[in-house]
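The values are calculated or read from the model by the stated rules, or taken from the named source; none is laboratory data. If you're wondering where the values come from, they're calculated on a predicted model, not measured in any experiment. When we count neighbours, we look across all protein chains shown, and the Cβ atoms used for this are built from the backbone with ideal geometry, even at glycine.
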Ligand code: SF4
Ligand code: SF4
C-alpha cells in the first residue's frame, strides 16, 4: 500500500493520486478503474449494428443519443479521464432466488430491484468520492452518472479493467460475477488509464444463450431487447406479444436468468450497502398479494424503489401475465374476472389472456379427472 499523500503538490503525482482515489473509493464500497474517454472502435461499431438491426425496440433514445454514446466528451467537454465504478447489490438472502422462480404462485422481481433505487445510492457515493478528492487536493471538474445519461458503461468499465463483457452482454469480473451496478465520473484529472480487461472469459460456455427463457440472446454478445423480459416488463409500454407471454413465467419486474445461469456468478459478492436491503419481502411475495395492491399501496410500497418507475398500469399488466402462467386455480380465475371492469384497456387485454390461460388449464384438468382418474 502506498503511503497516503499529504500535500497538494504531492497530488500532482497522478499515478499515486489514482491509487489514493482507489483506496477512498473502497471505503465507500466502490471498486473503481480509470479509462480514457475514447470508446474503442469495435464497441462503437457494435452499437451501430445493434441499432441498425432494430434490436433496441422502442428505446428510441438510443438512436437519438448515439453520437454522445460514441463520444462521452459531448457530455462534459473537459473530460480527460472517466472513473468507472462498480457497486455490489447481491443479497445473501436471495439464495432463495431459484425457489421463487420455480414457485409460479410467487412473483419474481429482479434481484437488483429489491431495495432502494440504485440510481440515488450509487450517485450519492460517486458524489462523496468527488467531494473527498476535492477536500484533499482542491477543486476539479467532475460529473457523476448512474444510468442517467447516454454512456457506453460496459465498454468503459471494460476499458477501466473492471471486467470483461460476456456473451450475455453484461460486464463480468472473475472475482465478483456480474451482480453489481455501474456508474461513472467524468472528470478533468489526467489520471493514468488502467489496463483494459484483455479477453472474454466465457470460453465455450453458452449457458446464457440456451437458458434465456425467451431466446432474446440471439447470438453471443447480441440481445434482441424486443424479446428480453427486462425490456418487456420495465421499458416497454404496450401490449406484450402473446407468443412471449407464456415464456415469461412469473417474472413481473426484470429477469435475471442470464446471470443466474452464468458460472462466474458463483463469485458474486454480497452487498455491504444497507440501502439495498430487501423491502416488503419483495423477493418472495405471492402474486395474488401483489395483485391486490391498490395504486396507493403500490406507490407507498415502492417509494424510493426502482420498481416505482414503471407505474401502476405496467405493474398490473406484468402481474396479469404471471397469473395467467400460474398453476390453475379457481381463486386466481375469480380474482382476474373481478378486476376486468375496473382495469384500463391495456391491463384488461392482458387479464383476458390470463383468464383464457387459466380456463384452458382448468379444462385440461377436468378432462384428465374425467377420463383417467
Ligand atoms: S434478462 Fe432474461 S430475457 Fe433478457 S436476455 Fe437475460 S435471460 Fe434473456
Ligand atoms: S453464461 Fe457462459 S456464455 Fe454466458 S456470459 Fe456467463 S460465462 Fe459467458
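Brief remarks on what is shown
- Restricting attention to region 333-357, the residues that are in contact (Cβ under 8 Å) with a residue 24 or more places away in the chain and part of a helix (DSSP H, G or I) add up to 13.
- Test result for residue 276, touching a residue at least 40 places away in the same chain (Cβ under 8 Å), more than 19 Å from residue 312 (Cβ to Cβ) and within 14 Å of ligand 1 (Cβ to nearest atom): no
- Every pair of residues 6+ apart whose Cβ atoms lie under 6 Å, when the first sits in region 244-270 and is in contact (Cβ under 8 Å) with a residue 40 or more places away in the chain while the second is within 11 Å of ligand 1 (Cβ to nearest atom) and in a strand (DSSP E or B): 250/108; 251/108
- Residue within region 224-243 that is in contact (Cβ under 8 Å) with a residue 40 or more places away in the chain, in contact with a strand residue (DSSP E or B) (Cβ under 6 Å, 6 or more places away or on another chain) and surrounded by 19 or more Cβ atoms within 10 Å (Cβ to Cβ) present: yes
- Hey, residue 213 more than 16 Å from the chain's Cα centre (by Cα), under 30 Å from residue 134 (Cβ atoms), part of a loop (DSSP other than H, G, I, E, B) and more than 13 Å from ligand 2 (Cβ to nearest atom) or not: no
- Unmet requirement for residue 181, which otherwise passes all of (1) in a strand (DSSP E or B); (2) within 16 Å of ligand 2 (Cβ to nearest atom); (3) under 16 Å from residue 29 (Cα atoms): (2)
- Screening residue 40 with (1) touching a residue at least 12 places away in the same chain (Cβ under 8 Å); (2) in contact with a helix residue (DSSP H, G or I) (Cβ under 6 Å, 6 or more places away or on another chain); (3) surrounded by fewer than 21 Cβ atoms within 10 Å (Cβ to Cβ) gives one miss only, at (2).
So that you can scan it fast, the table gives a plain yes or no per residue for (1) assigned to a strand (DSSP E or B); (2) surrounded by 14 or more Cβ atoms within 10 Å (Cβ to Cβ); (3) modelled with pLDDT of 95 or more:
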{"residue": "8", "(1), (2), (3)": "no, no, no"}
{"residue": "15", "(1), (2), (3)": "no, no, no"}
{"residue": "22", "(1), (2), (3)": "no, yes, yes"}
{"residue": "25", "(1), (2), (3)": "no, yes, yes"}
{"residue": "49", "(1), (2), (3)": "no, no, yes"}
{"residue": "54", "(1), (2), (3)": "no, no, yes"}
{"residue": "84", "(1), (2), (3)": "yes, yes, yes"}
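- Restricting attention to region 216-238, the residues being part of a loop (DSSP other than H, G, I, E, B), within 13 Å of ligand 2 (Cβ to nearest atom) and within 30 Å of residue 313 (Cβ to Cβ) number 1.
For every residue, the table says whether it meets (1) without any contact (Cβ under 8 Å) to a residue 60 or more places away in the chain; (2) crowded, with 21+ Cβ neighbours inside 10 Å; (3) over 16 Å from the mean Cα position of the chain (by Cα); (4) assigned to a strand (DSSP E or B).
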position: 99; (1), (2), (3), (4): no, no, yes, no
position: 115; (1), (2), (3), (4): no, yes, no, no
position: 120; (1), (2), (3), (4): no, no, no, no
position: 143; (1), (2), (3), (4): no, no, yes, yes
position: 148; (1), (2), (3), (4): yes, no, no, no
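- The set of residues in region 281-320 being on the phi > 0 side of the Ramachandran plot and in contact (Cβ under 8 Å) with a residue 24 or more places away in the chain consists of 304 alone.
- The set of residues from region 246-294 being outside any loop (DSSP other than H, G, I, E, B) and within 16 Å of ligand 2 (Cβ to nearest atom) comprises 257, 258, 259, 260, 263, 264, 265, 266, 267.
- Scanning region 237-264 for residues that are within 18 Å of the chain's Cα centre (by Cα) and within 12 Å of ligand 1 (Cβ to nearest atom) gives 248, 251, 253, 254, 255, 256, 257, 258, 259, 260, 261, 262.
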